[in-house]
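The values are calculated or read from the model by the stated rules, or taken from the named source; none is laboratory data. As the structure is a computational prediction, the values presented were derived from the model and not from experiment. Please note: Cβ atoms are built from the backbone with ideal geometry, for glycine as well, and neighbour counts cover all protein chains shown. SASA here: full protein model, heavy atoms, side chains in, ligands and nucleic acids out. Shrake-Rupley method; radii C 1.70, N 1.55, O 1.52, S 1.80 Å.
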Amino acid sequence: MPRRVSTAAAPASGHETAERIAAALETIAAHLAAAAPTADGGETLHRADAFIWHPDGRLAPVPHVSRVDIGLLKGIERMRDILIENTERFANGLPANNALLWGARGMGKSSLVKAAHASINCDRKPADRLKLIEIHREDIESLPALMDILRHAPFNAIVFCDDLSFDGNDASYKSLKAVLEGGIEGRPDNVILYATSNRRHLLAREMIENERSTAINPGEAVEEKVSLSDRFGLWLGFHRCSQDEYLAMVKGYCSHFGIKLPEEELEREALEWATTRGSRSGRVAWQFTQELAGRLGVRIKLR
């Protein structure tokens, strides 16, 4: 009986298989490298006045910042004047302090930062405009990478973190401490940090008490964490507003946006709204203004 000849391809040798795997891995690596976002070298800063920082090294431009006019921020005039003066010094290349805006919720802390930035840039040439870069709380550990990008940038920049606080065993605050003052390189001369928080020391009270009760040296353990807020040279405290201040906020918004209602009726409805919310603040005043504008068919357009 004649011998049958197999037409199937001979199995690849181990060497050939290894070469194919290596080639496939090189192709995959090349595609991943091409698709991966590259770190900004600062060139993006020419594209806008405000940005969102992403920990993969990207600065995402924000063409239109959601903000209110600085003249509409009522009841915080002293903090407004101090922050604008500090920001203007920095924009002009003079010494200025990192700022921590802390205190009651809804009293305009983040609104003031955005409004101050816009106010300073109002009459400046494009080359002299101040940049506002927001970094999210959960990305604080990438702050040193952002500093590396901004260190050689041709602009002055405010790095802004809204609602900054630390809980539990979160150690990312050490990255912030190093940037504020502690690192070898320190904070770049063209960068200043502004943060808002409901907590004066950026830490929950129970965290501080726990550190004090469990440490061998309670004073040193607490000092390590509480010293973070001390590295902000400027502290601005925001407190709950009075009834008159709350009504002034409402009337200021209504006048600015052309919302017409008899004064007695406006005051009555505004106070009723605050009562149902259980608080009086700039945020509550703004929410009431939106409700009233919607009911009366008035369009509100922020800058």
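The listed residues Asp123, Asp163 rank as Asp123, Asp163 when sorted by accessible area, largest first, using a 1.4 Å probe. Counting only protein chain heavy atoms and rolling a 1.4 Å probe, the accessible areas of Trp53, Trp102 rank, largest first, as Trp102, Trp53. The share of alpha-carbon pairs in segment 227-303 lying farther apart than 14 Å comes to 63%.
Please compute the contact order of segment 53-176 in relative form: average sequence separation of alpha-carbon pairs under 8 Å and at least six residues apart, divided by the residue count, as a percent. Mind showing how you got there, number by number?
Working: 110 pairs, mean separation 33.6, N = 124.
Once normalised by length, the contact order is 27 percent.
Every pair of different Cα atoms in segment 70-159 enters the Kirkwood calculation, which places the hydrodynamic radius at 14.3 Å. Computed 3J(HN,Hα) for segment 120-131, one whole-Hz value per residue from the Karplus formula 6.51 cos²θ - 1.76 cosθ + 1.60 where θ = phi - 60°, is 5, 7, 3, 10, 8, 5, x, 6, 9, 6, 7, 9, glycine and proline marked x. A 1.4 Å probe, protein heavy atoms only, puts the accessible area of Met147 near 10 Å². Starting from one equal scatterer on each C-alpha and no solvent at all, send me the Debye-based log10 I(q)/I(0) for segment 60-120 at q = 0.15, 0.25 Å⁻¹, two decimals. With one equal scatterer per Cα and no solvent, log10 I(q)/I(0) is -0.47, -1.13. Counting charges near Gly258 (Lys, Arg +1; Asp, Glu -1) among other residues having Cβ under 12 Å from its Cβ returns a value of +3. Amide H to amide H distances under 5 Å link Ala157 with Lys131, Val191, Ile192, where only residues 5 or more positions off or on other chains count and H is placed in the peptide plane.
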